[in-house]
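Here the structure is laid out as structure tokens; the discussion comes afterwards.
The values are calculated or read from the model by the stated rules, or taken from the named source; none is laboratory data. Keep in mind that what you see is a predicted model, and the values were worked out from it rather than measured. No Cβ is skipped: glycine too gets one built from the backbone with ideal geometry, and neighbour counts run over all protein chains shown. Calculation scope for accessible area: heavy atoms of the full protein, side chains included, ligands and nucleic acids excluded. Shrake-Rupley method; radii C 1.70, N 1.55, O 1.52, S 1.80 Å.
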There are 2 protein chains.
Amino acid sequence: MDMLWSGWGDPAKATPLPETVIGLLRDLLGVTPRATAPVELTDLRVPETPLTAAARQALHEAVGGAEHVRTDAESRIRRTRGKSTPDLLRIRAGDVGDVPAAVVLPASHEEVLAVLHACSAHDLALVPFGGGTSVVGGLAPDQPAFRRRPVVALDLRRMNGLLALDPVSRTATLQPGLRAPDAEALLAAHGFTLGHFPQSYEWATLGGFAAARSSGQASAGYGRFDDMVLGLTLATPEGTLEAGRAPRSAAGPDLRQLVLGSEGVFGVITSVTVRLRPLPAVRVYEGWRFTSFEEGATALRRLAQDGPRPTVLRLSDETETLIGLAQPDAIGASGTLESAGCQAITGYEGTAEDVAHRRQRAAAVLRACGGTYLGEEPGERWAHGRYAAPYLRDALLDAGAFAETLETAAFWSRVPELYAAVRRALTTTLTEAGTPPLVMCHISHVYENGASLYFTVVSAQGEDPVAHWAPAKRAASEAILGAGGTISHHHGVGTDHRDGYVREAGPLGVEALRAVKRRLDPAGVLNPGVLLPLD
Amino acid sequence: MDMLWSGWGDPAKATPLPETVIGLLRDLLGVTPRATAPVELTDLRVPETPLTAAARQALHEAVGGAEHVRTDAESRIRRTRGKSTPDLLRIRAGDVGDVPAAVVLPASHEEVLAVLHACSAHDLALVPFGGGTSVVGGLAPDQPAFRRRPVVALDLRRMNGLLALDPVSRTATLQPGLRAPDAEALLAAHGFTLGHFPQSYEWATLGGFAAARSSGQASAGYGRFDDMVLGLTLATPEGTLEAGRAPRSAAGPDLRQLVLGSEGVFGVITSVTVRLRPLPAVRVYEGWRFTSFEEGATALRRLAQDGPRPTVLRLSDETETLIGLAQPDAIGASGTLESAGCQAITGYEGTAEDVAHRRQRAAAVLRACGGTYLGEEPGERWAHGRYAAPYLRDALLDAGAFAETLETAAFWSRVPELYAAVRRALTTTLTEAGTPPLVMCHISHVYENGASLYFTVVSAQGEDPVAHWAPAKRAASEAILGAGGTISHHHGVGTDHRDGYVREAGPLGVEALRAVKRRLDPAGVLNPGVLLPLD
């Protein structure tokens, strides 16, 4: 099934906002319904494909036939940009000026190599396309590059197999176009799980997880995706690069870590070998309340540093806790939001014995840190709605509101300052622009030495919503870099974070990566302008 | 204090082999005492330094004075090559033909940059020198390059400070020339440990650990050194590269992992930010016996995959177990060695509660896998002698024996085949050369998905011991690559493993790294021929 072309997920799962929430948005944020309805897919007109007959022929040959090279309007519209809020606002407004010239569907590593060869030979750019869930402009190659030559979307959905499974080593080799739920189903048949459950879980692919260093909601227990990857095969315009002969090695720099996070600019990931865990016998999720975000963060730090480590560990700040409760009576008599404290979710997955032990000891730590146990109901509610937020965003956009997320990470000692700085930047910028926002935050990934911060912003849209948001996004990025955070903990760089990334990696870091890029992709075929600035 | 110039460690700790062992070596391996005694340091004559006056002046200026640029014979001899057995055999024979032209001792990142600049300007090569403990030719630049221009050793011992400590984030920033025991002492004053205890612990430096991806004896609990590194500063001929803004990030490839394992060919590591752990309240080491290596390996795998994870986890094969017992009565009536089974060591470090819990549960797993508990005595004995093996090697060389180690790692399902193939390669080659060896092996680093194998070889020396060993080493490397192992799990590549590494990384992997090298070190100043072949 294809995702909703102009929004998120399965259209059948879309639900409109309740009237009470629409009232809340109006009263609290001044949100008013948009005058114009979104366009229909069938109303859109896309430019003729700029592919030459020779280029088209070369692509046909690369993938074994014309049926795997699509130039119809719908196929091209569905691979136009990703799923950031600006992406959605543009596509909902009918902006399809940068549709790809064609969608090419290879079936093997060799066909990917052949497509890359055809692109080099015919001066085409190429954008690898997995689930299409990028929220950082990762599917939108640089505009000057785009205008210079046709862009082909390389849709990897036909490469969706389980290539190998080693139950002794607990590894599996998977193809990049495999969606996460399909991967889980294939592995579950052998008693294993990957344990990677990001919010994009239902749609995102294994190749995308690797290319963009995804991190899932159970990262406390299962690790990040880049922790899971033991091996990679990369198809580049200059040939094949394979990395990962042993779990760990002292043989040179770790080439896996050079491919992970490279966002398709060095090559196309054509297989990933990942570590497996046994399917858990028990899954428990539960809620805790802390009186402040600081108190809760200290509790999470204690667990991250001294254990025991839950499988899922999250903490919402006061605003997110209140909004998450979705209770109209949380609005105080004065019309302002009153604090309901900060809610944490702890989850445990594993054997019955392991879960019981970790749960009991973690509970003691959380209590010692000031936590109040809320039972399993908040945990079950979280688990039930864990992939629902992007649907909610569509409903908010439908209702005329603006909603977007951004995220970062830092060392623990920098987290309070980073939290305050990003909130301040978003609130100040949008308030001065006439649309005071709700800014919510949670910690959802913890490490011994630091944590992520994930912000959700809801406000009125303003006249031109994309332009209206841009200064707030810039201010948030400045605040992140100024307060010692990374420009992205798990969304990636794409084109949206490229300028911040260049500052974070530094001139010599960028130059080192450009040197690799030039060697593996001398014609600059792959994702021009994504991650790294053009030469 | 300086290390023994012609061997390992503190000369005061050297102890000769007991007569019984000498008898064993003679009877079992045909080892006979060498006719000639090793040369004395004062007898050695080194060539005049080839440094020009202008180059010497530029180096003086880079490090703030002539006292930090040494050209005397002893300083240069002490930075000649590393501590592999061939290195020791050559230096003991008085072979100092490739002494460096000078030893330069910078005091800061800026001085390192200035030295690199001086080297570029005066056509010098530079070898970063930490503890000098490389056993893979990591301090021996390629001979053709060496002959082409003078080589300067950059001794980092003056950069041995603790630059910062963040007790909340549990991180510390340390200089590269700091030796591990000094680092532990500085951190212990704040209640922390790094937990990195490789066999080279007493002499190796933090910069070397990072540059060569060291792994310590407590890696099961504390992780490898590359797991511990959160940030790095690299001084390159083209400027400074800094990596590690947050514990983890999705902002591009992980540049830390590009520097880790780069063995000084991209730049000189001038600081490392590492994660800290609290000093353990309790340390317990104990012994277990398994009837076979396979049975023991399965037990280690169970603990690595399903936990609980001891802090130290090692398993010796039958031969190493027997030799480790050092009991002359282990020689059977037939004159052959009889199996004493396979000894494992488990160690636990942490809080009393944590140690008690892990120890109890791990014991249940080990028993279920066929293990017999041997009490704490074997563990204490192992802990007492954990850094002694290199001293033993000196004594073996003194007695006329040859002794060397090599190591690899692989996924669990490949471990049995890898073990058999390397043993066979070493035994066959040395037996055919007339010096049948004792080949011992242990597993000392375990992962969910695989493990290391560490081999020790003891034999008679043969007429020309360096040349005699070379075919066996080549055969072992072939066996490693043929059976799916990595060419090194924790010793690194240096020059000794370079050919194998090129095959492991593949042509495009090597080319990607050479592209980085050319960009960061266009004049090829740094460690020419180490890790990567010369252009």
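Counting the residues of segment A:445-457 that are open to solvent by 10 Å² or more (accessible area, probe 1.4 Å) and more than 24 Å from B:TYR222 (Cβ to Cβ) gives 2.
One residue stands out in segment B:469-483 among those that are of a type in the set (Gly, Ala, Ser) and open to solvent by 10 Å² or more (accessible area, probe 1.4 Å): the one that is nearest to the chain's Cα centre (by Cα), namely B:SER477. Picking from residues in segment B:146-176 that are open to solvent by 10 Å² or more (accessible area, probe 1.4 Å) and among the small types (Gly, Ala, Ser), the one that is farthest from the other protein chains (Cβ to nearest Cβ) is B:GLY161. Name the residue that is nearest to A:GLY132 (Cα to Cα), counting only residues in segment A:1-22 that are surrounded by fewer than 13 Cβ atoms within 10 Å (Cβ to Cβ) and of a type outside the set (D, E, K, R). So the residue we want is A:MET1. Here is a list: A:GLY509, A:GLY492, A:GLY524. Which entry is out of contact with any Ser or Thr (no Cβ under 9 Å at 6 or more places or on another chain) and at the interface with chain B (Cβ under 7 Å from one of its Cβ atoms)? Residue meeting the stated conditions: A:GLY509.
Out of B:THR270, B:THR240, one residue alone is β-branched (Val, Ile, Thr) and within 23 Å of the chain's Cα centre (by Cα). It is B:THR270.
Okay, residues lined up against (1) without any contact (Cβ under 8 Å) to a residue 40 or more places away in the chain; (2) on the phi > 0 side of the Ramachandran plot; (3) open to solvent by 60 Å² or more (accessible area, probe 1.4 Å); (4) of a type in the set (D, E, K, R):
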| residue | (1), (2), (3), (4) |
| --- | --- |
| A:LEU25 | no, no, no, no |
| A:THR32 | no, no, yes, no |
| A:THR36 | yes, no, yes, no |
| A:PRO47 | no, no, yes, no |
| A:PRO50 | no, no, yes, no |
| A:ALA53 | yes, no, yes, no |
| A:HIS68 | no, no, no, no |
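Checking each residue in segment A:193-224 for being touching a Leu at 6+ places or on another chain (Cβ under 8 Å) and surrounded by 21 or more Cβ atoms within 10 Å (Cβ to Cβ) picks out A:LEU194, A:THR205, A:LEU206, A:GLY207, A:ALA210, A:ALA211, A:ARG213, A:ALA220, A:TYR222.
Contact map, segment B:242-255: residues that are within 14 Å of A:LEU481 (Cα to Cα) paired with residues that are aromatic (Phe, Trp, Tyr) and crowded, with 24+ Cβ neighbours inside 10 Å, Cβ distance under 6 Å, separation 6+ or inter-chain. Pairs shown: B:ALA251/A:TYR501. Considering (1) crowded, with 19+ Cβ neighbours inside 10 Å; (2) touching a Gly at 6+ places or on another chain (Cβ under 8 Å); (3) part of a loop (DSSP other than H, G, I, E, B), the lone condition that B:THR80 does not fulfil carries the number (2).
For segment B:448-472, residues that are within 14 Å of chain A (Cβ to nearest Cβ) and part of a strand (DSSP E or B) total 5. Of all the numbered requirements in (1) open to solvent by 20 Å² or more (accessible area, probe 1.4 Å); (2) within 20 Å of A:LEU88 (Cα to Cα); (3) away from chain B (no Cβ under 14 Å), A:THR427 misses one, and that requirement is (2). The single condition among (1) assigned to a strand (DSSP E or B); (2) in the same structural domain as B:GLN199 (by TED's automatic domain parsing) that B:TRP288 does not meet is (2). The lone criterion from (1) over 22 Å from B:LEU438 (Cα atoms); (2) among the basic types (Lys, Arg); (3) open to solvent by 40 Å² or more (accessible area, probe 1.4 Å) left unmet by B:ARG514 is number (3).
Residue count for segment B:83-109 under the criterion of being part of a loop (DSSP other than H, G, I, E, B) and under 21 Å from the mean Cα position of the chain (by Cα): the result is 2. All conditions but one from (1) more than 10 Å from chain A (Cβ to nearest Cβ); (2) open to solvent by 10 Å² or more (accessible area, probe 1.4 Å); (3) modelled with pLDDT of 95 or more; (4) over 20 Å from the mean Cα position of the chain (by Cα) apply to B:LEU325; the one that does not is (3). From the list B:LEU526, B:LEU534, the lone residue that is surrounded by fewer than 22 Cβ atoms within 10 Å (Cβ to Cβ) and either touching a residue at least 40 places away in the same chain (Cβ under 8 Å) or farther than 28 Å from B:ALA425 by Cβ (or both) is B:LEU534. When restricted to residues that are farther than 21 Å from A:ASP254 by Cβ and either polar (S, T, N, Q) or facing another protein chain (nearest Cβ under 7 Å) (or both), segment B:473-489 contains 0.
Listed by position, the helices (runs of 4 or more DSSP H) enclosed by segment A:345-426 that each have at least 2 residues that are of a type in the set (A, V, I, L, M) are A:352-368, A:389-398.
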